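The values are calculated or read from the model by the stated rules, or taken from the named source; none is laboratory data. This is a predicted model, so every value here is computed, not measured. Don't worry about glycine lacking a Cβ; one is built from the backbone with ideal geometry, like all the others, and counts go over all protein chains shown.
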Amino acid sequence: MSMKLRAFRVMNFLAALSLAMFFSSAVGAQEKKDKAEEKKKSSVHAVVGATVLPVSGPMVRRGTVTWKDGKILEVGAELDPPEGAEVHKGEGLYVCPGFVSVVSMGVGIETSSGNIRNGLNPWDRELAIALASGITTVQALPAPFFGGFGQDRPLSGGSNSAIIKLTRGDLGGMLVREPAMNYFSLPTRQLELNYFLMRERFNQAKKYLASRAEARAKKTKEPKLSSSLKLYVAVLENARPTVFSPANNHEVRIVLSLSKEYGFDVVLNEPKDAWMMAADLAAGNVPVLVKSRGRDFDFNTTGPVFEKGQMAPVRRPAAFARAGCLVSILPYRRGITLSGLAGRDLATLHVDAAFAVRGGMSNEDALEAITLNPARILRVDDRLGSIEKGKDADLLILSGHPLDYRSFVLKAFINGKLYYERDKSRIFREVPLTRDK
Amino acid sequence: MKMKTTQGHINAVRGGAWAARLFLPALLFASSPAFLGADELVAYRAAKIVRSAGEVTAPGLLIVRDGKVEDVLAGDAKPPEGAKVVELADTVILPGLVNPLSAISQNNYRSGPGRASQSNSSPTDGRKSVGLSALNLKHEIYRRLGRTGYTTFAVVPNDTKGIIAGQASVIRPALGKEKEAKELVLSDSAYLMLGFASGKTWYDAGNRYLKKAVDDILKEKAAKKKAEEEARKKAEEAKKKGTKPAEGEKKPPAKPAAKPPAQAPAKAPAKAPAKPKAPDPLTLLFKGEKKAFVRVTSPAAISHLFAFLDSLPMKFQFVLVTGPQPPELVELILERRKQITAVILEPRMGRLPDTSVYVNTAKLFLEAGMPVAFVPLRDTIDGHREVFFHLAAMVKSGVLPHEALAGVTTVPAGLVGLDSKVGSLSKGGLANFVCYDRDPLSGAARILSVYVEGRKVFEDDPATGKLSGEAVR
């Protein structure tokens, strides 16, 4: 081929390419303009005409929710949206607060070495899936080292935890508080002996706190804190709730007596038979974290699903709620299991709440058990968990009632900003919306 | 006797072979026009000369004097008097390619470190180690660099570590006669290589090194301000005293006036011999006198890098080194256009997470006006040789040909601060160039020859497939 011909061909190709690029870049510029305008829009938003479930109050039909700068302004029936607000259509749709999961594992965390705040991953895929499932806030716990079969491990003492919002792609909006809770594992063997050892430690911690207070009052040097006492001191300081995972009711009684004696708040994580003493727990204001589905994975698959004299898991949340306990419903698995059994993880928290309804809980209580109650247990109910004036605008627009398994989250707002939109997301796109006609 | 003669014959043949091995390179040397003398002037006539990305003379005449580009003329121009004319016929001459980030000088070059998307291992402080220190001239790799078409490499001493991996030195391929590694070096410390990842250890390291550097600068500034203010106050006081000479006569006592001169000579000699401290590269970085490349791989690492940089009271400009990213991340990076001067990428496509939808990250950056430099996919000799193959794939999906070419020539040359010397065939620049048999982005292109500072270091004869030159060992 002669050089000229080749050059001509190259030129032709270049011309065609540059023409194509010109058009595509023109389109890109237009898109950018649109985006800039979107950003300029006021931060006032409103959902109009939706069935609003504020959780803290009764259901509002044809309700309007408005929010500005991340805080909720108003909730009410047939209110006009403020001028200049970005209006989201709510006709035929439901609005409820974003779900709060009191546990989660490996969601939104990239690395857990040291602390959680520096290891957050706003681009985590599992975070995106949890958000698409309506979960806006979780207590993040690092994934366990041995996580075979996506199995949950008992919460161990001293593990780090943080309350994070699932603001996808926005690291700055994620952290709410760190650490979230104290984790205290009861030494189950030789319980009596350990009980006395624990009391000894608590007494030492009490002494330490007294001497520290004295030193602070006198403005002298604070006494040194030994590492073995750290957890006990943190529990007695009661700046955050303490989680116990008692194996039986005997241990529950020990926990209750300790909390009464030393004056700290406890949360019971999956107390096995504690429904028998639900009234005691209610009287002591002890919240419980319970699952509403099955037992945890067990290698002994030949045995009965639950033993004689036990209550079926589906009825347990209702039993606690009926007695007046603060109940928070746990997901079947704490993480998102893409390789395991679908529909049994954090992505189906609302289905777990629906199971509790099947077990006798009311719709309102079940919804509260995955929104306001976990917020109360995590002590962030001044900001999260319900749609009330002045609270964070963390809310969902759903295609149906949040406890209906057919419902999908259409839009999820956190701190007033839209972080998930079903129409623009790839998550759950393959599933068509089904609704009653 | 018979045996002996045979043996002697064999010996003679062997001797001849040795002689041939000894003299053949010498002959090649002699025939190479660029090695004729100190005052040489050579004109290369080629079908197409790419002076720099997007600027083409076709056909063209490249005039080289003493290893530097003197001019690029039209092909039918008369070569200057005394010039030896080399006819390169149907070839395309490109400026020698520039790699802005490589670890090829290290012994593990075969496994290909130095990738833009390689993660940083553990945080270390390598601010004192310079790429030059890792060079081992005895290694064959430095001569082989010449056959890649790349004629400039910025080498980092320890690229797999953060938070300060070290300072990069810019080198050229060896021509075979160097005695010291220094002779390869175009620039001692072109930039500071940094890295960041998520996790407390990285934040701690960041505070230990970067934040400390900022604090030192701020302290120094505050001290200066204080000293200045004190000096001003003293001057004002002196003025006041000057206005009241009658009263002030008693005030200036003899003692303090006598003391300072007594102290000053005692202190001054102690200060003067103290060796001049080499400026800390991190301090220079925050003062804007030093360039920095920052490598972050994962989207989370990018978010954490930005969060950490925002926590610093002072800012510095840097070049972001990263792998293919989804569009959201590109937007996030483009929001910091003022801080991020350019992006270094690998010429490969990214994918939208959980889909098989491909994204051309480089195109997204280029559309937004962000300069993009490309590094080879593998940091090996072969990786460098096949860079245009991957660049062609990028061009197919939307990067313009001249942008792709700029990404391996002018842009990286600018990033390492040598744009007047390398990356283009401009007047006064080094005569580093590569001859291809056709448009290098055509996919079937073949390197015919490579010249470093006017010397042919590599030649691939398409008729015989025979390789020759300095780069073939």
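The number of residues in region A:370-390 being surrounded by 24 or more Cβ atoms within 10 Å (Cβ to Cβ) and farther than 12 Å from A:G98 by Cα comes to 3.
Quick one: which strands (runs of 3 or more DSSP E) lie wholly within region B:141-249 and hold at least 1 residues that are surrounded by fewer than 23 Cβ atoms within 10 Å (Cβ to Cβ)?
Ranges flagged: B:185-195.
Residue check: A:A162 meets all listed conditions (1) at pLDDT 90 or above; (2) surrounded by fewer than 21 Cβ atoms within 10 Å (Cβ to Cβ); (3) closer than 21 Å to A:V233 by Cα but one, namely (2). Please enumerate the residues belonging to region A:92-108 that are more than 9 Å from the chain's Cα centre (by Cα) and either crowded, with 24+ Cβ neighbours inside 10 Å or away from chain B (no Cβ under 14 Å) (or both). The answer is A:G92, A:L93, A:Y94, A:V95, A:C96, A:P97, A:M105, A:V107, A:G108. Checked across region B:392-406, the condition of being surrounded by fewer than 24 Cβ atoms within 10 Å (Cβ to Cβ), over 22 Å from B:P327 (Cα atoms) and either hydroxyl-bearing (S, T, Y) or without any contact (Cβ under 8 Å) to a residue 24 or more places away in the chain (or both) holds for no residue. Conditions: (1) within 14 Å of chain B (Cβ to nearest Cβ); (2) at pLDDT 90 or above. A:H88 meets all but one. Number of the miss? Status for A:H88: all satisfied but (1). Scan region B:411-422 for residues that are within 19 Å of B:E346 (Cβ to Cβ) and either assigned to a loop (DSSP other than H, G, I, E, B) or free of Cβ contacts under 8 Å to residues at least 12 places away in the same chain (or both) and report the count. Residues flagged as within 19 Å of B:E346 (Cβ to Cβ) and either assigned to a loop (DSSP other than H, G, I, E, B) or free of Cβ contacts under 8 Å to residues at least 12 places away in the same chain (or both) within region B:411-422 amount to 1. Here region B:399-438 is the region considered, the condition is being over 30 Å from B:V359 (Cα atoms) and among the polar types (S, T, N, Q), and the residue that is farthest from the chain's Cα centre (by Cα) is B:S426. Please verify whether B:L320 is of a type outside the set (V, I, T), more than 11 Å from chain A (Cβ to nearest Cβ), more than 24 Å from the chain's Cα centre (by Cα) and farther than 17 Å from A:D170 by Cα, treating the condition exactly as stated. Judged against the criteria, B:L320 is not a match.
Picking from residues in region B:182-204 that are polar (S, T, N, Q) and away from chain A (no Cβ under 14 Å), the one that is nearest to B:G131 (Cα to Cα) is B:S189. Counting only helices (runs of 4 or more DSSP H) that sit wholly inside region A:219-297, those with at least 1 residues that are closer than 27 Å to A:A323 by Cα and of a type in the set (G, A, S) are A:249-262, A:278-283. If the condition is being within 14 Å of chain A (Cβ to nearest Cβ) and surrounded by fewer than 20 Cβ atoms within 10 Å (Cβ to Cβ), then region B:283-305 contributes only B:S298. Can you spot a residue in region A:126-133 that is in contact with a helix residue (DSSP H, G or I) (Cβ under 7 Å, 6 or more places away or on another chain), part of a loop (DSSP other than H, G, I, E, B) and crowded, with 24+ Cβ neighbours inside 10 Å? Yes.
Right, A:G263: under 30 Å from A:K417 (Cβ atoms) and without any contact (Cβ under 8 Å) to a residue 60 or more places away in the chain or not? In short, no.
Across region B:306-317, the qualifying residues are those that are out of contact with any Leu (no Cβ under 6 Å at 6 or more places or on another chain) and aliphatic (A, V, I, L, M), and the one among them that is nearest to the other protein chains (Cβ to nearest Cβ) is B:L309.
Inspect region B:426-444 for any residue being touching a residue at least 12 places away in the same chain (Cβ under 8 Å), more than 14 Å from chain A (Cβ to nearest Cβ), in a strand (DSSP E or B) and touching a helix residue (DSSP H, G or I) at 6+ places or on another chain (Cβ under 7 Å) and give the result as yes or no. No, region B:426-444 contains no residue that is touching a residue at least 12 places away in the same chain (Cβ under 8 Å), more than 14 Å from chain A (Cβ to nearest Cβ), in a strand (DSSP E or B) and touching a helix residue (DSSP H, G or I) at 6+ places or on another chain (Cβ under 7 Å).
In region A:329-340, is there at least one residue being among the aromatic types (F, W, Y) and not in a loop (DSSP other than H, G, I, E, B)? The answer is no, given that none of the residues of region A:329-340 is among the aromatic types (F, W, Y) and not in a loop (DSSP other than H, G, I, E, B). Taking the condition of being in contact (Cβ under 8 Å) with a residue 12 or more places away in the chain and either touching a Cys at 6+ places or on another chain (Cβ under 6 Å) or farther than 20 Å from B:P100 by Cβ (or both), how many residues in region B:182-192 meet it? The total comes to 1.
Number of residues in region B:177-211 that are out of contact with any Gly (no Cβ under 9 Å at 6 or more places or on another chain) and more than 15 Å from B:V155 (Cβ to Cβ) equals 10. Here is the figure for region B:331-349: residues that are within 13 Å of chain A (Cβ to nearest Cβ) and surrounded by 22 or more Cβ atoms within 10 Å (Cβ to Cβ) total 1.
Residue check: is A:N182 under 27 Å from A:S104 (Cα atoms), in contact with an Asp or Glu (Cβ under 6 Å, 6 or more places away or on another chain) and either buried (at least 17 other Cβ atoms within 10 Å of the Cβ) or touching a residue at least 12 places away in the same chain (Cβ under 8 Å) (or both)? So A:N182 does not fit the description; no. Determine if region A:398-414 includes at least one residue that is farther than 26 Å from A:T66 by Cα and without any contact (Cβ under 8 Å) to a residue 40 or more places away in the chain. Yes: one or more hits.
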